[in-house]
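Below is one structure, written out as structure tokens; comments come after it.
The values are calculated or read from the model by the stated rules, or taken from the named source; none is laboratory data. Remember, it's a predicted structure, so these values are computed and weren't measured experimentally. Heads up, the Cβs are rebuilt from the backbone with ideal geometry, glycines too, and the neighbour counts pull from every protein chain shown.
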């Protein structure tokens, strides 16, 4: 039985608001050794952990992340009230620098840091790479920059970022010249964009598949060649794999 490495996708969204420090800490406590976060940038150029372009789903208010100053964002709890009610009403948006502090305390953890296209379009590649470098300077060796933007990844490679990963929606994209020329260490692909059968190995790169919460599917993907699986339910998946290993 081939068991894939598990990546805690946006922390531990099964039980905590996504991309929050409390969720990341819970994922690591549950056994995660790989985590993934998304980076957006506030109006005053503070990089924060946030997936969506707008604040509605996570904070319950309108407006885009990059239209608000950080202090304004901090006053809007990342509570995901539709799912959690008032349980996380005191959880605030997490700065990228806080991820850096967490990684200093957890040297065995690797973080995949996704630069989101909305902020790349708004502030430019050089600005985001500079902000990422400053926030993560003490832990750069623990971090992998990932993005849908191949241009951003190419610039990161030129600037000496140690490891990068290309994010794609469809499996066939990994064979396209702009991706192969980049030679990323990792390819992240949407599970819905994979072929139904066949090998998933990639020469020179490791494949990470998102989003998977079903253990049998994760094992099937690993048997086909996926090295990593991203999951919102990191603790549950670790437990299921442990039970399967004990019974095999």
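Which one is modelled with the lowest pLDDT among residues in region 229-248 that are touching a helix residue (DSSP H, G or I) at 6+ places or on another chain (Cβ under 8 Å) and either loosely packed, with under 14 Cβ neighbours inside 10 Å or farther than 17 Å from residue 35 by Cα (or both)? Filtering first and then ranking leaves 244.
Under the condition of being outside any helix (DSSP H, G or I) and touching a strand residue (DSSP E or B) at 6+ places or on another chain (Cβ under 6 Å), which residue from region 114-130 is surrounded by the most Cβ atoms within 10 Å (Cβ to Cβ)?
Of the residues in region 114-130, the ones outside any helix (DSSP H, G or I) are 114-116, 124.
Retained after the next criterion (residues that are touching a strand residue (DSSP E or B) at 6+ places or on another chain (Cβ under 6 Å)): 114-116.
On the way: 114: 22, 115: 26, 116: 22.
Among those residues, the one meeting the criterion is 115.
Per this entry, residue 55 is counted among residues that are surrounded by 14 or more Cβ atoms within 10 Å (Cβ to Cβ), more than 23 Å from residue 143 (Cβ to Cβ) and in contact with a strand residue (DSSP E or B) (Cβ under 8 Å, 6 or more places away or on another chain).
Answer yes or no as to whether residue 195 is exposed (fewer than 13 other Cβ atoms within 10 Å of the Cβ) and in contact with a helix residue (DSSP H, G or I) (Cβ under 8 Å, 6 or more places away or on another chain).
Working: exposed (fewer than 13 other Cβ atoms within 10 Å of the Cβ): yes; in contact with a helix residue (DSSP H, G or I) (Cβ under 8 Å, 6 or more places away or on another chain): yes.
Yes: the conditions hold for residue 195.
Scanning region 61-77 for any residue that is over 18 Å from residue 230 (Cα atoms), under 18 Å from the mean Cα position of the chain (by Cα) and touching a residue at least 40 places away in the same chain (Cβ under 8 Å) turns up at least one such residue. Residue count for region 131-151 satisfying the condition of being in contact (Cβ under 8 Å) with a residue 60 or more places away in the chain and out of contact with any strand residue (DSSP E or B) (no Cβ under 7 Å at 6 or more places or on another chain): 0. Taking region 90-113, which residues are touching a residue at least 12 places away in the same chain (Cβ under 8 Å) and assigned to a helix (DSSP H, G or I)? Across region 90-113, the qualifying residues are 96, 97, 98, 99, 100, 102, 103, 104.
Within region 4-14, can one find any residue that is part of a loop (DSSP other than H, G, I, E, B) and either surrounded by fewer than 16 Cβ atoms within 10 Å (Cβ to Cβ) or free of Cβ contacts under 8 Å to residues at least 24 places away in the same chain (or both)?
From region 4-14, those part of a loop (DSSP other than H, G, I, E, B) are 4, 10-14; that's our starting set.
Applying the additional criterion that residues be either surrounded by fewer than 16 Cβ atoms within 10 Å (Cβ to Cβ) or free of Cβ contacts under 8 Å to residues at least 24 places away in the same chain (or both) yields none.
Within region 4-14 (the criterion being part of a loop (DSSP other than H, G, I, E, B) and either surrounded by fewer than 16 Cβ atoms within 10 Å (Cβ to Cβ) or free of Cβ contacts under 8 Å to residues at least 24 places away in the same chain (or both)), the answer is no, since none of the residues qualifies.
Which one is surrounded by the fewest Cβ atoms within 10 Å (Cβ to Cβ), of the residues in region 183-192 that are out of contact with any helix residue (DSSP H, G or I) (no Cβ under 7 Å at 6 or more places or on another chain) and closer than 22 Å to residue 143 by Cα?
Going residue by residue through region 183-192, those that are out of contact with any helix residue (DSSP H, G or I) (no Cβ under 7 Å at 6 or more places or on another chain) are 183, 185-186, 188, 190-192.
This time we only want the ones that are closer than 22 Å to residue 143 by Cα, so: 183, 185-186, 188, 190.
Values: 183: 11, 185: 14, 186: 20, 188: 26, 190: 15.
In this case the residue turns out to be 183.
Considered as a group, the residues in region 19-45 that are part of a loop (DSSP other than H, G, I, E, B), touching a residue at least 60 places away in the same chain (Cβ under 8 Å) and touching a helix residue (DSSP H, G or I) at 6+ places or on another chain (Cβ under 7 Å) include one that is surrounded by the most Cβ atoms within 10 Å (Cβ to Cβ), and that residue is 32.
Filter region 158-182 down to the residues that are surrounded by 15 or more Cβ atoms within 10 Å (Cβ to Cβ), in contact with a helix residue (DSSP H, G or I) (Cβ under 7 Å, 6 or more places away or on another chain) and in a helix (DSSP H, G or I) and list them by number.
Result: 171, 173, 179, 182.
Please work out if residue 78 is on the phi < 0 side of the Ramachandran plot, at pLDDT 95 or above, crowded, with 20+ Cβ neighbours inside 10 Å and touching a helix residue (DSSP H, G or I) at 6+ places or on another chain (Cβ under 7 Å). Against the criterion (on the phi < 0 side of the Ramachandran plot, at pLDDT 95 or above, crowded, with 20+ Cβ neighbours inside 10 Å and touching a helix residue (DSSP H, G or I) at 6+ places or on another chain (Cβ under 7 Å)), residue 78 qualifies. Give region 99-113 a look and list any residue that's buried (at least 16 other Cβ atoms within 10 Å of the Cβ) and more than 15 Å from residue 153 (Cα to Cα), or say none. Correct list: 99, 100, 102, 103, 106, 109, 110, 111.
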